[in-house]
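Contents: one structure, followed by commentary.
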């Protein structure tokens, strides 16, 4: 059973990284792809003009842009990301994102053990 994710932990499977979160006119929409205690994959779609203010995460993160472009700030550094770009964020990195146009991204978060 998939529960609230696009993929099941118990069996192999496929899903589209484009269809589940497209066609939002306003706001930010997210959809869980796969979730374990140590790993979380989430699809996001931002409508044009949307923003997430500066924040941090305890998890290591990889951001992969699927469609559109976005402005991703990591501390004082600003990255203009486009489809195919991959951004690494170490745990605790202060970051923010804004959408000059509609865009979609896949966020992969890895929670690392203190012993790791």
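The values are calculated or read from the model by the stated rules, or taken from the named source; none is laboratory data. Everything numeric here is computed off the predicted structure, so don't read it as measured data. Please note: Cβ atoms are built from the backbone with ideal geometry, for glycine as well, and neighbour counts cover all protein chains shown.
The rows are residues; the columns are (1) in contact with a strand residue (DSSP E or B) (Cβ under 6 Å, 6 or more places away or on another chain); (2) not in a loop (DSSP other than H, G, I, E, B).
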{"position": "5", "(1), (2)": "yes, no"}
{"position": "33", "(1), (2)": "yes, yes"}
{"position": "48", "(1), (2)": "no, no"}
{"position": "62", "(1), (2)": "yes, yes"}
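Looking at the structure I just gave you, is residue 45 buried (at least 18 other Cβ atoms within 10 Å of the Cβ), more than 12 Å from the chain's Cα centre (by Cα) and either modelled with pLDDT of 95 or more or closer than 23 Å to residue 4 by Cα (or both)? Write out each step before concluding.
Details: buried (at least 18 other Cβ atoms within 10 Å of the Cβ): yes; more than 12 Å from the chain's Cα centre (by Cα): no; either modelled with pLDDT of 95 or more or closer than 23 Å to residue 4 by Cα (or both): yes.
For residue 45, the condition - buried (at least 18 other Cβ atoms within 10 Å of the Cβ), more than 12 Å from the chain's Cα centre (by Cα) and either modelled with pLDDT of 95 or more or closer than 23 Å to residue 4 by Cα (or both) - is not met.
Counting just the residues of region 18-35 that are surrounded by 16 or more Cβ atoms within 10 Å (Cβ to Cβ) and modelled with pLDDT of 85 or more, which one comes out nearest to residue 47 (Cα to Cα)? Let's see the steps before the verdict.
Here is the first cut: in region 18-35, the ones surrounded by 16 or more Cβ atoms within 10 Å (Cβ to Cβ) are 20-21, 29, 31-35.
Restricting the remaining residues to those that are modelled with pLDDT of 85 or more gives 29, 31-35.
Values: 29: 9, 31: 15, 32: 18, 33: 20, 34: 23, 35: 25 Å.
The selected residue is 29.
Kindly evaluate residue 13 against the criterion of being surrounded by fewer than 16 Cβ atoms within 10 Å (Cβ to Cβ), more than 16 Å from residue 101 (Cβ to Cβ) and at pLDDT 90 or above. Before you say what the answer is, go through the steps one by one.
On the way: surrounded by fewer than 16 Cβ atoms within 10 Å (Cβ to Cβ): yes; more than 16 Å from residue 101 (Cβ to Cβ): yes; at pLDDT 90 or above: yes.
So residue 13 fits the description; yes.
Being in a loop (DSSP other than H, G, I, E, B) and surrounded by 14 or more Cβ atoms within 10 Å (Cβ to Cβ): is that true of residue 52 here? I'd like the intermediate steps shown before the answer.
On the way: in a loop (DSSP other than H, G, I, E, B): no; surrounded by 14 or more Cβ atoms within 10 Å (Cβ to Cβ): yes.
Criteria not met by residue 52.
Scan region 80-93 for residues that are part of a strand (DSSP E or B), under 15 Å from the mean Cα position of the chain (by Cα) and over 12 Å from residue 57 (Cα atoms) and jot them down. Give the derivation first.
If we filter region 80-93 for residues that are part of a strand (DSSP E or B), which is where we start, we get 80-81, 86-89.
Right, trim to under 15 Å from the mean Cα position of the chain (by Cα) and you get 81, 86-89.
Correct list: 81, 86, 87, 88.
When the residues of region 67-86 are narrowed to those that are touching a residue at least 24 places away in the same chain (Cβ under 8 Å) and surrounded by fewer than 18 Cβ atoms within 10 Å (Cβ to Cβ), which ends up farthest from residue 44 (Cα to Cα)?
Top of the filtered list is 73.
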